[in-house]
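Engineer: This is the structure, below, for whatever I ask next.
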Amino acid sequence: MLDIQLLRKDLPAVVAGLARRGVTFDEAAFRALEDERKVLQTRTEELQAKRNALNKQVGMLKSKGEDASEVLAQAGGLGDEVKANEAALAALQERLNAFLRVIPNIPRPEVAAGASSDDNVEVRRWGEPRAFDFPVKDHVDLGAALGGLDFDTAAKLSGARFSVLRGGVARLHRALAQFMLDVHTREHGYTEVYVPYMVTGECADGVSSLAKFRDDLFKLEGRDLYLIPTAEYPVTNFVRDTLLEAKDLPLKFVCHSPCFRSEAGSYGKDTRGMIRQHQFDKVEILQVVHPEKSAEAHEALTGHAQAILERLGLPYRTMMLCTGDLGFSSAKTYDLEVWLPGQQAYREISSCSNFEAFQARRMQARFKGGDKGRPEPVHTLNGSGLAVGRTLVAVLENGQQADGSVTVPPALVPYMGGVERIARA
């Protein structure tokens, strides 16, 4: 959520910042709410002051043994009006919060202006795509030939956009997750956590806007519970309604979980294979940091995700998303795109985002020791480190051999029990 004080002090800056990402801020609606709030707040404070003065007068009269009934009656009548105004002010504050909670974050100044992914900026490229001397297959044909990818059985069980993994391919999927967790915990300093696969609506709205993106989630019928689209949802909420000590920052967590997405609005996109599914696994890395450290932490977190790709020998490029392609809560995002020979294209495998204080304000996640000693919002960041299914796709396609087998990256061989090559049994 945006800083209400910034809106009140420099509304033109907010309007301009949101315009960079193609969002028109409803100034008239905001000013109307603010004008109403000011009138109500002023009147409420006046009534509270009068009530306090009358209560003080009652105390003085009673201490002198004088009759205070008339003043008590005045204070009682005033008390009813105070309660009515306080209730009206609280209701108005709820309306103001509801208005603000559907407004996206403001992009950082260095984020390039643009309307879509076509305007994203490449900032880094690693590795050279392999040259093949045989016809390249995509992961669907490779996996089917290996007996390891079965979409027909998945469709019989659950419908479209699901997969069943078998044998060496299933083991490779498990090995990837274990490898990622080990690197992030042993080398990058993250604490491994395990979380529920369902969260409440309050948790979901703390991370993003439930009002705007409810259709992207799977909801449990008759319950205020949603299947998580990413471990970001439960893990970020670790610090909801929490006042942290500055000395305890940063907090760094890594979590492996399944993720569930309705893929609303993706009809006809990536219907073949494992690129866009309703259920997939992901290893999520997340940091909660001091505001002065978040830009530095963002680069470090992105580097941690990049390290996984490099250790696996997978060519990739790092793209800074333009203003028009940023996620709702993000102030700045790097997408890592891995090379897929079967598509002859780079495809997203991780988004590493700095949300600054946006999520923290929604969740009331603060730390002591801020400016002038007052509590202030922490900054939150996260990224995929990595999406396990898409990494599996990349390993299969980049490691394919002319005989249909797949070479296992050396970093994964210990996790595969020494197996260096996956072939059909």
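Engineer: Report yes if residue 317 is of a type in the set (D, E, K, R) and in contact with a Lys or Arg (Cβ under 6 Å, 6 or more places away or on another chain), otherwise no. Outline the logic, then answer.
Structural biologist: On the way: of a type in the set (D, E, K, R): yes; in contact with a Lys or Arg (Cβ under 6 Å, 6 or more places away or on another chain): yes.
When the stated conditions are applied, residue 317 passes them.
Engineer: Among (1) modelled with pLDDT under 95; (2) surrounded by 13 or more Cβ atoms within 10 Å (Cβ to Cβ); (3) under 18 Å from residue 18 (Cα atoms), where does residue 89 come up short?
Structural biologist: With respect to (1) modelled with pLDDT under 95; (2) surrounded by 13 or more Cβ atoms within 10 Å (Cβ to Cβ); (3) under 18 Å from residue 18 (Cα atoms), residue 89 is out only on (3).
Engineer: Further question on the same structure: Among the residues that make up the stretch 167-175, is at least one of them closer than 25 Å to residue 335 by Cβ, of a type in the set (Val, Ile, Thr) and in contact (Cβ under 8 Å) with a residue 40 or more places away in the chain?
Structural biologist: The answer is no; no qualifying residue exists.
A quick yes/no check of all residues on (1) in a helix (DSSP H, G or I); (2) surrounded by 12 or more Cβ atoms within 10 Å (Cβ to Cβ); (3) at pLDDT below 95:
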{"site": "1", "(1), (2), (3)": "no, yes, yes"}
{"site": "5", "(1), (2), (3)": "yes, no, yes"}
{"site": "18", "(1), (2), (3)": "yes, yes, no"}
{"site": "34", "(1), (2), (3)": "yes, yes, yes"}
{"site": "41", "(1), (2), (3)": "yes, yes, yes"}
{"site": "46", "(1), (2), (3)": "yes, yes, yes"}
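Engineer: When residue 212 is evaluated against the numbered criteria (1) farther than 18 Å from residue 355 by Cα; (2) modelled with pLDDT under 95, which criterion, by number, is the only one it fails?
Structural biologist: So residue 212 meets the others, but not (1).
Engineer: List the number of the failed condition for residue 212; all other conditions in (1) surrounded by 15 or more Cβ atoms within 10 Å (Cβ to Cβ); (2) out of contact with any helix residue (DSSP H, G or I) (no Cβ under 8 Å at 6 or more places or on another chain); (3) among the charged types (D, E, K, R); (4) closer than 21 Å to residue 105 by Cβ hold.
Structural biologist: Just one mismatch for residue 212, condition (1).
Engineer: Also, I was wondering about something else. Of all residues in the stretch 30-46, count the ones that are within 23 Å of residue 105 (Cβ to Cβ) and either among the polar types (S, T, N, Q) or within 28 Å of the chain's Cα centre (by Cα) (or both).
Structural biologist: Within the stretch 30-46, residues that are within 23 Å of residue 105 (Cβ to Cβ) and either among the polar types (S, T, N, Q) or within 28 Å of the chain's Cα centre (by Cα) (or both) number 1.
Engineer: So, one more: Picking from 241, 248, 205, which residue would you name as being among the acidic types (Asp, Glu) and within 14 Å of the chain's Cα centre (by Cα)? Before you say what the answer is, go through the steps one by one.
Structural biologist: On the way: 241 fails: within 14 Å of the chain's Cα centre (by Cα); 248 fails: within 14 Å of the chain's Cα centre (by Cα).
Being among the acidic types (Asp, Glu) and within 14 Å of the chain's Cα centre (by Cα) holds for just one of 241, 248, 205, which is 205.
The values are calculated or read from the model by the stated rules, or taken from the named source; none is laboratory data. Just so it is clear, the model here is predicted, and its values are computed rather than measured. Positions of Cβ are backbone-derived with ideal geometry, glycine not excepted, and every protein chain shown enters the neighbour counts.
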